[in-house]
Amino acid sequence: MKKFLSSKLFRFIWSAALALIIYLICPPCFSKTTILILLIIQLILINGADYIAKLPLLTHLSRFLVGGLFIFSGFIKANDPLGFSYKLKEYFEVFQNDTGMAFFEHFAHLALPLAIIVCASEIVLGVMLLIGFKRNLTLWLLFAQIAFFTFLTFYSACYNKVTHCGCFGDFLKLKPWDSFWKDVALMILITLLFAGKENINELFAPMFTSTLFLLGLGFSLAFPIYAFRNLPPLDFRAYAPGLSIKDGMRKAADYKDPVYESMLVYKNLKNGQLKEYNQADYMKSKIWEDTLTWKWEATENKLIHDAVNPPKITDFTVNDLNGNAITDSVLTNKNYSFWLIAYDLAQTENDAALMNQISDFYKLANQEKIQFLAFTASGPTEIDAFKHKHNALYDFVTVDQTVLKTMIRSNPGLMLMKDGTVIANWHHNNFPGFSEVKTKFMK
């Protein structure tokens, strides 16, 4: 029996059975022809392992590509773990809504530590693969991670749930289908690594290899923790120091609006199949006449073409507490101004010393007639409670919560502005003194 389980015949049986199951359960959003081609490729790679193993160059090329991409992807996410946690929370909320399973809410509350673990695992697995440390364990962990993310990106793309996967943070925003195909490519490369795993050996002596592993593990954990407790060392967002919010909101000369088309969705009453029709095809089909077979299910606006060269900032709107738009006035202030960003006052760092430091900073700025505004998405009741609790004398304005989370990865965080341009920003763990800011940045 043991001999049969390790035979080529059994390998073909289980791989073919798995491919058949995947083919049968694949939802209609994905072409059956395409999934068939992908499954055939995987079958060839799995069952042709003995031949692939004779091509060490192919193994090492796959090893370099997978290891390098995992390290790069993990590093980019670790550079902004809080931003990645927002994306994970979005996924968990989607799964909770779609499945009705309450335990996804618990995962949402653990989004930050999970984000750090995912970042760290990608970096350290990339290092382990490149140096050949614990080969079998590394390959199976790589496979498990990429299988999970392949499902995640496929689900997101197929059902149009999350429009940006967060795979490379704000450095490179991939659409769901682009991200899915990236994961498919990685899955193929990892299959090649399994096929040629005998060619993967430790590059150095065991002691030195173990040392490199420990250094990689230490860095993979320390870097995202540092980035979370401060600010992203590499800032790829449209609100980074040196960038103009006004410029980010402008449309380019070659800008074109996104194109949408109304699609009529009909359901087959006999087999549950769904069909989409645009207006022209709908009129040709006359499907509405066959009431015994087809029933109207929904009308959807489908994105046909994305906007061409859209603005980087599309949703920055500032209102005073009376609901009046004051976006232009805060962005066209020619003098220096300070923006205290606190997207949710209920979750703002509740530290008395910090709040006193902010109040002292405001008083010094006010003495020099420098504007100091607090930006929040909280409502009037929460704002009043916060002001009374912390004796906050500065004025509040309201901005969308998602925008505030994007502006600075700190709650609260401080931004120094001038004429709509970000001069500098600070995490609340590094809240500056007014004289220090004035000397260094206000010239």
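Every read-out reported here was derived from the displayed coordinates using simple, explicitly stated rules and does not represent laboratory data. The structure displayed is predicted, hence computed values, not measured ones. Here Cβ is always computed from backbone atoms with ideal geometry, including for glycine, and neighbour counts include all displayed protein chains.
Let me test this: with uniform point scatterers at the alpha carbons of the range 160-231, what is the Debye-based log₁₀ I(q)/I(0) at q = 0.12, 0.14, 0.28 1/Å?
The Cα Debye sum returns log10 ratios of -0.62, -0.81, -1.07.
Return the sequence-ordered ³J(HN,Hα) values of the range 364-380 in whole Hz as given by the Karplus equation 6.51 cos²θ - 1.76 cosθ + 1.60 applied to θ = phi - 60°, using x for Gly and Pro.
Whole-Hz 3J(HN,Hα) from phi for the range 364-380: 5, 5, 5, 4, 9, 6, 9, 4, 9, 10, 9, 9, 8, 9, 6, x, x.
Calculate the dipole size of the range 48-229 relative to its Cα centre from +1 charges on Lys and Arg beta carbons and -1 charges on Asp and Glu beta carbons; express the result in debye to the nearest 20.
Dipole about the Cα centre, nearest 20: 240 debye.
Could you tell me which of Asn160, Met187, Leu234 has its Cα farthest along the dipole of the range 129-256 towards the positive end, charges placed at Cβ (Lys, Arg +1; Asp, Glu -1), taken about the Cα centre?
Result: Asn160.
If I build a Gaussian network model for the chain, linking alpha-carbon pairs within less than 10 angstrom, which residue out of Met283, Met187, Met249 has the largest mean-square fluctuation?
In the Gaussian network model the winner is Met283.
Counting only residues 5 or more places away or on other chains, whose amide H sits under 5 Å from the amide H of Leu269 once H atoms are built in the peptide plane?
Amide H to amide H, under 5 Å and 5 or more residues apart or across chains, Leu269 pairs with Trp294, Lys295.
What's the whole-number percent of alpha carbon pairs in the range 48-229 lying beyond 30 angstrom? If you can, show how the numbers build up before the last one.
On the way: 3537 of 16471 pairs.
Here the tail beyond 30 Å accounts for 21 percent of pairs.
GNM on the chain, C-alpha springs below 10 Å: top fluctuator among Phe30, Phe70, Phe316?
Judging by the Gaussian network model, the answer is Phe30.
With labels modelled as points extended 7 Å from the Cα through the Cβ direction, what inter-label distance (nm, one decimal) is found for Ser359 paired with Ala16?
7.7
Percent of Cα-Cα pairs per 10 Å bin, from 0 to the last occupied bin, for the range 327-441, please list those.
14, 51, 32, 2
With percent of Cα pairs over 33 Å apart in mind, check [x] 51; [y] 35; [z] 31 and report the label derived from this structure.
The listed entry that was calculated here is [x].
Can you tell me what share of the DSSP beta bridges in the chain is antiparallel? A percent to the nearest 5 is fine.
If we restrict to bridges inside the chain, about 80 percent are antiparallel.
When the dipole is taken about the Cα centre of the range 208-336, and only Lys, Arg (+1) and Asp, Glu (-1) are charged at their Cβ, what size is it in debye, to the nearest 20?
The calculated dipole for the range 208-336 is roughly 200 debye.
Hey, what do the phi angles of the range 39-52 turn into as Karplus ³J(HN,Hα) couplings, whole Hz, using 6.51/-1.76/1.60 and θ = phi - 60°, x for Gly and Pro?
5, 5, 4, 5, 4, 5, 5, 5, 8, x, 4, 4, 7, 5
Find out how many positive minus negative residues lie around Asn391, taking Lys and Arg as positive, Asp and Glu as negative, among other residues whose Cβ is under 12 Å from that of Asn391.
Every neighbour counted, the sum reads +2.
If you count, for each residue, the other Cβ atoms within 10 Å and average over each peptide, how do 251-258, 380-387 line up from highest to lowest?
380-387, 251-258
With charges only on Cβ, +1 for K and R and -1 for D and E, what is the dipole size of the range 259-305 about its Cα centre, in debye, rounded to 20?
140
Place +1 on the Cβ of every Lys and Arg and -1 on the Cβ of every Asp and Glu in the range 1-135, take the dipole about the Cα centre, and give the residue among Ala17, Pro113, Leu82 whose Cα lies farthest towards its positive end.
So the residue we want is Ala17.
Along the range 197-202, what does the Karplus equation 6.51 cos²θ - 1.76 cosθ + 1.60 (θ = phi - 60°) give for ³J(HN,Hα), rounded to whole Hz, x for Gly and Pro?
Ordered by residue, 3J(HN,Hα) equals 4, 5, 8, 9, 10, 5 Hz.
If the viscosity is 1.306 mPa s and the temperature 10 °C, what translational diffusion coefficient in µm²/s does Stokes-Einstein give for the range 201-297 when Rh comes from Kirkwood over Cα pairs?
The calculation lands on 77 µm²/s.
Among the trypsin sites (Lys or Arg not before Pro) within the range 216-250, which fall in a DSSP loop and have no more than 15 other Cβ atoms within 10 Å of their own Cβ? Write down the numbers at each step before the final one.
Details: sites: Arg229, Arg237, Lys246, Arg250; in loops: Arg237, Arg250.
Qualifying residues, ordered by number: Arg250.
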